1. Among the listed residues Glu69, Glu18, Glu80, which satisfies the condition of being in contact (Cβ under 8 Å) with a residue 24 or more places away in the chain and in a strand (DSSP E or B)?
2. Which ones in region 233-261 are under 23 Å from the mean Cα position of the chain (by Cα) and not in a helix (DSSP H, G or I)?
3. Need the failing condition index for Asp419 against (1) at pLDDT below 90; (2) over 22 Å from Cys56 (Cα atoms), just the number.
4. Pick out the one residue from Arg384, Arg330, Arg380, Arg306 that is surrounded by fewer than 20 Cβ atoms within 10 Å (Cβ to Cβ), under 30 Å from Leu136 (Cα atoms) and without any contact (Cβ under 8 Å) to a residue 40 or more places away in the chain.
5. I need a count of the residues in region 122-147 that are of a type in the set (Gly, Ala, Ser), touching a residue at least 24 places away in the same chain (Cβ under 8 Å) and within 21 Å of Ala175 (Cβ to Cβ).
6. Residue by residue through region 170-224, note down the ones that are under 30 Å from Gly94 (Cα atoms) and among the basic types (Lys, Arg).
7. Can you tell me how many residues within region 25-62 are under 24 Å from Asp96 (Cα atoms), not in a helix (DSSP H, G or I) and not hydroxyl-bearing (Ser, Thr, Tyr)?
8. Only one of Leu267, Leu282 is among the hydrophobic types (A, V, I, L, M, F, W, C) and within 30 Å of Gln401 (Cβ to Cβ); which?
Amino acid sequence: MKTVGIVAEYNPFHKGHEYQLAQAKALSGADYAVVVLGGDFTQRGLPALFNKYARCEMALSGGADLVLELPVCFSCGSAEYFATGAVTLLDSLGIDALCFGSEAGSLAPLQDAAGVLLEEPEAYRVLLRKYQKEGLSFPAARSRALGACLENREHCGEPVSEALLHSPNNILGIAYCKAARKRKSSMELYTVPRYGAAYDEASLPEQEGAFASAEALRRALLKEMPLSRLSSFLPQSSADIIERERSAGVLTCDDLSSVLFYRLLSLKSGGYGDFADVSEALGDKIANSLEEYVSFSGFASLLKSRDLTYTRICRSLTHILLDISESFLREAASLQSACYARILGFNPASAPLLTRLSQSPVPLISRPAAADTSLSSFGRAMFRQDLFASGLWEGIRAQKQGRSFVHEYRRQILKLPEDSQKKFDL
């Protein structure tokens with residue numbers, strides 16, 4: 001039995017994701033695909049449009065065999081933490097391979113870049129200091145220093161340049177390579193070239209059936225564009241799930257505006273410097289700007305600067321909202337083994353896979369209530385963060401709908417009927 005892991009958010013699951021799932025199995029020769037899914041808060045520091053159960057259902061319908069939840073401390077972290085949490089989970093479970101999308105489309109330049117960033121040779125450190133002294137921000141200085149270190153290397157006849165770190169999927173791909181190398185993981189790594197719209201392309205393709213970006217689809221859904229206009233970019237199963245979930249309402253960061261303001265106001269006297277991604281300067285700026293607070297998105301835009309991107313600000317605010325400290329995140333990232341693997345859903349035909357994973361040292365969580373007796377003290381703290389994040393997401397949407405809130409303890413693992421899963425003809 002061979003397994004391949006995929007790390008994703010599927011916010012929402014579209015045809016590009018369906019293609020990657022198929023390619024992951026084909027490239028790796030895997031019998032089963034295990035998806036590590038970001039929960040109800042995403043790597044951009046924003047709430048997912050649809051809850052993790054709906055996105056799990058999309059993934060299973062699109063070809064995944066098992067969906068596990070990435071703990072929230074990693075799922076709304078930087079690329080480094082996001083990748084570390086996912087790679088640690090997959091590697092701890094004994095997954096054989098990891099496949100990810102990239103703009104580079106080739107593994108070698110990503111591995112080379114990961115090596116330089118992980119080992120930090122003297123030439124790289126000298127250049128990094130030089131560019132920072134010239135006034136470049138750390139990310140810009142890092143990109144330029146990396147490009148200079150790699151400029152004499154070629155892959156497939158193409159020189160490697162600092163542009164490698166300007167593409168979102170490449171950045172994540174390098175982070176996966178770094179995390180795997182740091183763990184001395186035996187997982188085989190594969191990358192699938194990204195086709196179609198760019199990761200952050202805001203507009204839908206003019207050609208029906210082309211690969212649209214998740215960002216363009218999110219924008220279209222928030223503008224209440226008719227699903228008939230979007231259906232050509234989505235697998236039918238995803239379109240059906242989105243239609244069902246959309247009627248119940250999607251969630252945006254501004255739905256969290258009041259609760260975030262309460263949290264920021266209540267913590268103001270003690271400062272915000274203990275939270276992940278919040279520097280002393282940013283903490284001071286948050287405190288000094290509270291009187292101008294109107295909404296989550298408006299406040300993030302107000303705090304944005306040349307050195308701090310909108311995404312970084314959103315992550316910082318979400319860490320404050322979810323009570324994720326820098327020290328906790330660092331400790332979580334330093335663990336040699338995953339604390340647990342929370343099962344969101346599976347295809348019943350993958351029963352042999354579950355049997356194999358149950359033999360790993362990582363506790364499989366199928367019932368949230370069982371976590372108290374099966375996890376370490378740190379694992380319980382991490383799992384409580386997951387429960388809180390999902391409870392907050394669900395509670396806010398329940399209020400919007402005027403209905404009662406469904407606690408995580410009442411959620412059941414999603415079991416997809418075998419005949420409803422996508423069958424790939426490869």
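1. Selected residue: Glu69, the only one of Glu69, Glu18, Glu80 that is in contact (Cβ under 8 Å) with a residue 24 or more places away in the chain and in a strand (DSSP E or B).
2. Of everything in region 233-261, those that are under 23 Å from the mean Cα position of the chain (by Cα) and not in a helix (DSSP H, G or I) turn out to be Leu234, Pro235, Gly249, Val250, Leu251, Thr252.
3. In the conditions (1) at pLDDT below 90; (2) over 22 Å from Cys56 (Cα atoms), Asp419 misses (2) alone.
4. Arg330
5. Residues in region 122-147 being of a type in the set (Gly, Ala, Ser), touching a residue at least 24 places away in the same chain (Cβ under 8 Å) and within 21 Å of Ala175 (Cβ to Cβ): 1 in total.
6. Lys178, Arg181, Lys182, Arg183, Lys184, Arg194 - these are the residues of region 170-224 that are under 30 Å from Gly94 (Cα atoms) and among the basic types (Lys, Arg).
7. Residues meeting the conditions: 11.
8. Leu267 is the lone residue from the list that is among the hydrophobic types (A, V, I, L, M, F, W, C) and within 30 Å of Gln401 (Cβ to Cβ).
The values are calculated or read from the model by the stated rules, or taken from the named source; none is laboratory data. Please read all numbers here as calculations on a predicted model, not as lab measurements. Glycine also receives a Cβ, built like all others from the backbone with ideal geometry; neighbour counts cover every protein chain displayed.
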